[in-house]
Amino acid sequence: MTANQVPTEPRHDTPDPTVDRVVPEEDFLRGRALGRLKKKADFRVHLLIYVVVNGMFVLIWAMTGSSFFWPAFILAGWGIGLVANAVDAYVVDTPTEKQVTEEMERLRRR
């Protein structure tokens with residue numbers, strides 16, 4: 001007898017995949033809140049790194065006496081990514097169940 005042929009009894013501690021489980025609203029909101037807080041914390045770290053690294057580039061530029069402000073390219077390029085990260089952390093929100101349901105209905109009507 002192989003391992004695939006060994007009869008197994010259903011375990012009572014595993015959830016039944018045929019049962020539709022609904023997440024309680026409190027747990028759902030807690031998960032969304034934790035996700036948002038993580039994004040905001042990640043943005044603050046990104047902002048700190050941006051300020052420190054670009055501050056060093058500006059300091060190097062100032063110490064070399066160069067007339068052309070070359071750190072502007074780094075500040076602008078990285079700044080675009082920083083703004084996108086800020087929008088994701090503070091503006092964009094995960095869709096609600098109502099929004100998902102409405103979008104599904106729009107797709108069905110097509």
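The values are calculated or read from the model by the stated rules, or taken from the named source; none is laboratory data. This structure is a prediction, so every number in the text was calculated from the model and none was measured. Counting neighbours? That spans all protein chains shown, and the Cβs are built from the backbone with ideal geometry, glycine included.
If we scan the range 35-52, do we find a residue that is out of contact with any strand residue (DSSP E or B) (no Cβ under 8 Å at 6 or more places or on another chain), loosely packed, with under 13 Cβ neighbours inside 10 Å and more than 30 Å from THR94 (Cα to Cα)?
Yes, the range 35-52 contains a residue that is out of contact with any strand residue (DSSP E or B) (no Cβ under 8 Å at 6 or more places or on another chain), loosely packed, with under 13 Cβ neighbours inside 10 Å and more than 30 Å from THR94 (Cα to Cα).
I'm told THR64 meets every condition in (1) surrounded by fewer than 10 Cβ atoms within 10 Å (Cβ to Cβ); (2) modelled with pLDDT under 85; (3) of a type outside the set (Gly, Ala, Ser) except one. Can you identify the failing condition by its number?
With respect to (1) surrounded by fewer than 10 Cβ atoms within 10 Å (Cβ to Cβ); (2) modelled with pLDDT under 85; (3) of a type outside the set (Gly, Ala, Ser), THR64 is out only on (2).
Do you know which residues across the range 38-97 are among the aliphatic types (A, V, I, L, M) and under 30 Å from PHE28 (Cα atoms)?
Passing the criteria: ALA41, VAL45, LEU47, LEU82, VAL83, ALA84, ALA86, VAL87, ALA89, VAL91, VAL92.
What residue, among those in the range 30-52 that are in contact (Cβ under 8 Å) with a residue 24 or more places away in the chain and not basic (Lys, Arg), is farthest from ALA86 (Cα to Cα)?
GLY35
Please go through (1) touching a residue at least 24 places away in the same chain (Cβ under 8 Å); (2) surrounded by 11 or more Cβ atoms within 10 Å (Cβ to Cβ) for THR94 and return the number of the only condition it doesn't satisfy.
Condition not satisfied by THR94: (2).
Report the residue count in the range 71-87 for those that are hydrophobic (A, V, I, L, M, F, W, C) and touching a residue at least 12 places away in the same chain (Cβ under 8 Å).
Result for the range 71-87: 5.
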